[in-house]
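The structure appears below as structure tokens.
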Amino acid sequence: MKSNWRVWLTPGLGFKRWLGLLLLGLLFLALGLAYLLTQLYRQQPFPAAAYYITLQFVPRWGRGVLFLIIGLGSVVLSLNRLSNVVLTALVPGQQKEGLASLVYRRSREKLGQQILLMGGSTGLSQVMQGLQEYQPNAHVSILLGVLDNGRLSARLREQFGLPEDHILFPTLEDVNVCAELADGSILVGEPEISGPQGANLSGRPPIERVFLGLRVRRTSVWEESEIPPESSQPVPHHPSIRPEVLETLRQAEVLVFGPGCLYTGILPLLQMPEIVDAIRDSEAKRIFVCNLMTETGKTANYTVADHLRVIRRHSGIEMDYVIANSAPLRPEMLAKYQAEGAEPVRYLPDRSSKVSRVTFVETGEETTLIEGAILVAADVLTEARQEITVSVDGKLVTKHLLVVRHEPHKLGRVLDRLLQEE
């Protein structure tokens, strides 16, 4: 939360205009009193003591500076004490929060916070549904991943009625995501990184880093060359960022990362220096919604702490809060995922994690910090049916699979609580 005096300067509170009018009124009162005193001084004799009371032995510029300091201090002190008196009378028990913080929080609830969702894919719908239920006045924008296409943008606009300028693509350049494995090999594009549908990639070397490269469009006819095009290695590329993306980041009060693929959804956005710099410079609250399950070949055996460590290692960005699921899966559902090489993402820290527990003396409430982020463990789990299209004997067939997803109502309730915290 901003320092107490800076809260009053927040746009939209309607405070600065009335403070300005108050100061203008005091100025007119002072000028009126000065004119009256001047008139009296010229027409009526003053006792000798008035010479010392009015500090006439001090140069006029010195008297002006001194009275300005005394007046400003008196106004600030009186406003502070008056705010405490009003707060005690109207909202008992909220004195520690302060009038500025209370006004800020209530105005944000009325006007709606500026929220930016980043790096999610299939999880964007669940986050949006939850926010629309619990934060109907919030101004939500979505920053799609570099691999997301226009179909996702159209579906989100249709499903949630979002204006077109609230769904943003990070760059207009045609870039691809590349992943370097522990053995030095490089995978180019989401199909190579994720592998075939349903494939078990548990034996593949782990991913060491991801980077962006320009997408190469190949044709069936090649000019003669000593080095075939297929042998060229992708070169890291930093695409230019659309100005509206940076402006949205600057205005955002809350940044929500995920849920979505860590290596093909979230991290590619954080490989763009301009976006990373904007996040670091922002005072927005950072919330990471961790995936429910690990991803075979990408985040196998990852804990919540591992996700946060990878984000910090790739971008230097740390989260303020991390939301992790605490509900168990049904044995049948767990066995199904385990057969595909996936496991629930554990939020209980391991020995290698940077974990600390903070106990508040006043309430006795204990808070767990994982990699610097406050852990919010809650039941946000549900089961849903997902349609997928597969090829069977050369024909496209639609199948319905039972999968685990974030439950919008539960997730929205957790997000709402975090958005109201200072």
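At a glance:
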| read-out | value |
| --- | --- |
| Matching option when the condition is in contact (Cβ under 8 Å) with a residue 60 or more places away in the chain, closer than 23 Å to GLU343 by Cα and part of a helix (DSSP H, G or I), among LEU402, LEU411 | LEU411 |
| Filter pass, ARG309 being outside any loop (DSSP other than H, G, I, E, B), free of Cβ contacts under 8 Å to residues at least 40 places away in the same chain and not acidic (Asp, Glu) | no |
| Residues of the stretch 114-130 classified as buried (at least 23 other Cβ atoms within 10 Å of the Cβ), of a type outside the set (Val, Ile, Thr) and farther than 16 Å from ARG405 by Cα, total | 4 |
| Only listed residue being in a loop (DSSP other than H, G, I, E, B) and either in the same structural domain as VAL256 (by TED's automatic domain parsing) or without any contact (Cβ under 8 Å) to a residue 60 or more places away in the chain (or both), chosen from ILE323, ILE317 | ILE317 |
| Single match in ILE311, ILE287, ILE323 (criterion: β-branched (Val, Ile, Thr), within 16 Å of the chain's Cα centre (by Cα) and under 28 Å from LEU181 (Cβ atoms)) | ILE311 |
| Residues within the stretch 237-275 that are assigned to a loop (DSSP other than H, G, I, E, B), under 13 Å from the mean Cα position of the chain (by Cα) and farther than 23 Å from THR122 by Cβ, tallied | 1 |
| Subset tally (residues that are under 15 Å from ILE142 (Cα atoms) and free of Cβ contacts under 8 Å to residues at least 40 places away in the same chain) for the stretch 250-278 | 1 |
| Subset tally (residues that are among the small types (Gly, Ala, Ser), closer than 25 Å to ARG405 by Cβ and surrounded by fewer than 22 Cβ atoms within 10 Å (Cβ to Cβ)) for the stretch 276-325 | 1 |
| Odd one out for GLU226, checked against (1) acidic (Asp, Glu); (2) in a loop (DSSP other than H, G, I, E, B); (3) at pLDDT 95 or above | (3) |
| Candidate set from the stretch 131-164 (those that are β-branched (Val, Ile, Thr) and in a strand (DSSP E or B)); member that is surrounded by the most Cβ atoms within 10 Å (Cβ to Cβ) | ILE142 |
| The stretch 1-48, subset of a type in the set (D, E, K, R) and within 17 Å of LEU79 (Cβ to Cβ), residue modelled with the lowest pLDDT | ARG6 |
| Residues within the stretch 43-56 that are more than 15 Å from PHE67 (Cβ to Cβ) and either among the polar types (S, T, N, Q) or surrounded by fewer than 10 Cβ atoms within 10 Å (Cβ to Cβ) (or both), tallied | 7 |
| Qualifying residues in the stretch 174-215 (those that are aliphatic (A, V, I, L, M), at pLDDT 90 or above and more than 28 Å from the chain's Cα centre (by Cα)) - the one surrounded by the fewest Cβ atoms within 10 Å (Cβ to Cβ) | ALA182 |
| Hits in the stretch 175-206 - residues which are assigned to a loop (DSSP other than H, G, I, E, B) and either assigned by TED's automatic domain parsing to the domain that holds GLN338 or among the small types (Gly, Ala, Ser) (or both) | ALA182, GLY184, SER185, GLY189, GLY195, GLY198, ALA199, SER202, GLY203 |
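Matching residues to (1) among the small types (Gly, Ala, Ser); (2) assigned to a strand (DSSP E or B); (3) modelled with pLDDT under 70:
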{"position": "ALA50", "(1), (2), (3)": "yes, no, no"}
{"position": "PHE57", "(1), (2), (3)": "no, no, no"}
{"position": "GLY64", "(1), (2), (3)": "yes, no, no"}
{"position": "ILE70", "(1), (2), (3)": "no, no, no"}
{"position": "LEU79", "(1), (2), (3)": "no, no, no"}
{"position": "ASN84", "(1), (2), (3)": "no, no, no"}
{"position": "GLN94", "(1), (2), (3)": "no, no, yes"}
{"position": "ARG105", "(1), (2), (3)": "no, no, yes"}
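The values are calculated or read from the model by the stated rules, or taken from the named source; none is laboratory data. Source: prediction; values computed, not measured. Here Cβ is always computed from backbone atoms with ideal geometry, including for glycine, and neighbour counts include all displayed protein chains.
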